[in-house]
Amino acid sequence: MSSARHMSPAEVAVMDALLPERLAGSSRELAQCLFEALVLADERAGCAAPAGDWAAQLQAWAQQVQGQLRHVSDRLGGFNFYLAKNPGFDMDARDRAMWDEFRGDYRAMAQKYGITEMRARQIIDAARREELARRQGRLDLDGNAPATIKTKAL
């Protein structure tokens, strides 16, 4: 049984050292989350005393994340921000390719991908719902939907 990767306190401290003490808690959490994604993707994650190349890599990632956080803060700071779960990240490659290629002919998709026409419809319809949700967000019919943000023009 394989154990899940984790970050050591020493690795976490690399990111913490670059963040200002008065940084908002949500910003600190976002920075740590971005940093964690980078660290955990590397097989060296979990090192109790990072040194050498690993310490240098951690420092570089921490600086990169700090720059990203500054950028996000400049763009989205001051807004009540809702971050969706984004199930679209989980759409597998075949389903994504089908959605990208779909031009209204379910039968052609079924034949190309070796599935039934009904299954092709299910995949395309699910992808369509995800795309609509991504583009439109949620309507606040009950007064409970998360607030949407307005971003500055790019």
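Odds and ends about this structure:
- Filtering Ala48, Ala37, Ala31, Ala60 for residues that are surrounded by fewer than 17 Cβ atoms within 10 Å (Cβ to Cβ) and touching a residue at least 12 places away in the same chain (Cβ under 8 Å) leaves a single hit, Ala48.
- Candidates in the range 130-149 are the residues that are surrounded by fewer than 11 Cβ atoms within 10 Å (Cβ to Cβ) and charged (D, E, K, R); of these, the one that is modelled with the lowest pLDDT is Asp142.
- Considering only residues in the range 89-128 that are of a type in the set (Gly, Ala, Ser), at pLDDT 90 or above and part of a helix (DSSP H, G or I), the one that is surrounded by the fewest Cβ atoms within 10 Å (Cβ to Cβ) turns out to be Ala108.
The values are calculated or read from the model by the stated rules, or taken from the named source; none is laboratory data. Model, not experiment: these values are computed from the prediction. Using ideal geometry, Cβ is built from the backbone for each residue, glycine included, and neighbour counts are taken over all protein chains shown.
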